[in-house]
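Please treat every number below as a calculation from the coordinates, not as lab data. Not measured: the values here are computed from a predicted model. Counting neighbours? That spans all protein chains shown, and the Cβs are built from the backbone with ideal geometry, glycine included.
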Amino acid sequence: MIKQCVKLVIILFFVSQINAQEVLEDQHVELETHKQIEHNESGFRLAGIIGHTLIKNTGVDNNIFVPSWGLDLEYWFNHKWGIGLHKDIEIETFIIKNSEHEEVERVNPLVITLDALYQFGNGFVVTVGPGVEIEKKESFYLTRVGIEYEKDFSKSMYLIPTLFLDQRFDGFSTWTIGLGIGKKF
């Protein structure tokens, strides 16, 4: 009887050691997965975006759509907060009225913003920041507010639909809707 009890204790000891090893291996795999997720959620991201911009204006060309291209460079501090340098060029010549009601021709203006980024929910990102619209005749300062949705389709690549409102301090505003592809580094 004592021999059987000793055998049972030895077997239970080895089974518990094997189980403990499996638990440690599972914890190691979870830790490595968590590190990979954190690595993909922090760091640099680069995205190219193709869109259309609605120019709401009281000028000669009331409410027009112009094609736009964007290039976004972002740095994410963690999975919630980041900062982004967003650049968009509107590929069109159009006329607006400035705050003094003068007609101003805009030829391919470049919009550059420095945005604070906050990710909430499951991939939704809110962007807010100051910027400037640069054009050879006249430049305008602006504020950007927007929302994006990042949908991963691989470990480092994602699809990004965007919607932005750019309010110029000189009176006119634009809405931009776009679709892009991004890469996480």
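Between Asp152 and Lys183, the simple label model (points 7 Å from Cα in the Cβ direction) yields a spacing of 1.8 nm. Pairs from the table (Lys56/Lys137; Lys56/Lys136; Lys97/Lys137; Lys137/Lys184; Lys80/Lys183; Lys56/Lys87) lying more than 25 angstrom apart at Cα are Lys137/Lys184. Over all other residues within a Cβ to Cβ distance under 15 Å of Ile134, the charged ones net out to -2, with Lys and Arg as +1 and Asp and Glu as -1. Tell me the label-point distance for the pair Trp81, Val126, using the 7 Å Cα-to-Cβ offset, in nm and rounded to one decimal. The answer from the label model is 1.5 nm. With the simple model of a label 7 Å out from the Cα in the direction of the Cβ, Lys137 to Thr93 spans 1.0 nm.
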